[in-house]
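Notes for the one structure printed next.
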Amino acid sequence: MTTQVRPQLPITIRPSQCIPQHTIDANTVSTENRRVHLKHPGYPEHHNVLLTLEAPDGARDGKGGGLHHETARIACALIAGNRWDGYLARSAGGDAINLQPDDVLTETEYFFIVPAPGQYEVVAPKAVPCDVAVANRTSCH
């Protein structure tokens, strides 16, 4: 049995990379740890954070880093069970913020509010007879 030896390839070490710079026009947006907390309006304070996301996007008004509005709204909608009718507000009982989908959120916290279920009532499930439940492999009452 013969053994083949592979030739040694040279190891190339690339130079260290610099911290990314997020820019808008000529202004550099801070890359410090800036975060936006997205909260649930019905939970008690200090127990109501749904998500905390980094805020690397530039604000058009030059105030610094922020978070893309529609990205935040979609993330919250997914966590809320695909509630695409939800919106972001500055307070737990507040109105929807007046921003376009591509605008940047510049505050450090927002609340994701889902409107009450409109015309559909929440109805408790009806009891299922045991013979039907066994046939359908569900629980009976």
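Throughout, read-outs are computed from the coordinates displayed, never taken from laboratory work. Note that the structure is a prediction, hence the values are computed from the model and not measured. Backbone-built Cβ (ideal geometry, glycine too); neighbour counts: all protein chains shown.
Tabulated data for the structure shown
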| quantity | calculated |
| --- | --- |
| Environment charge at C76 (Cβ cut-off 10 Å; Lys +1, Arg +1, Asp -1, Glu -1) | +3 |
| Distant-in-sequence amide H partners of H68 (H built 1.01 Å from N, under 5 Å) | D57, L105 |
| Amide H within-cut-off set for L50, under 5 Å, with H built and near neighbours excluded | L38, K39, H40 |
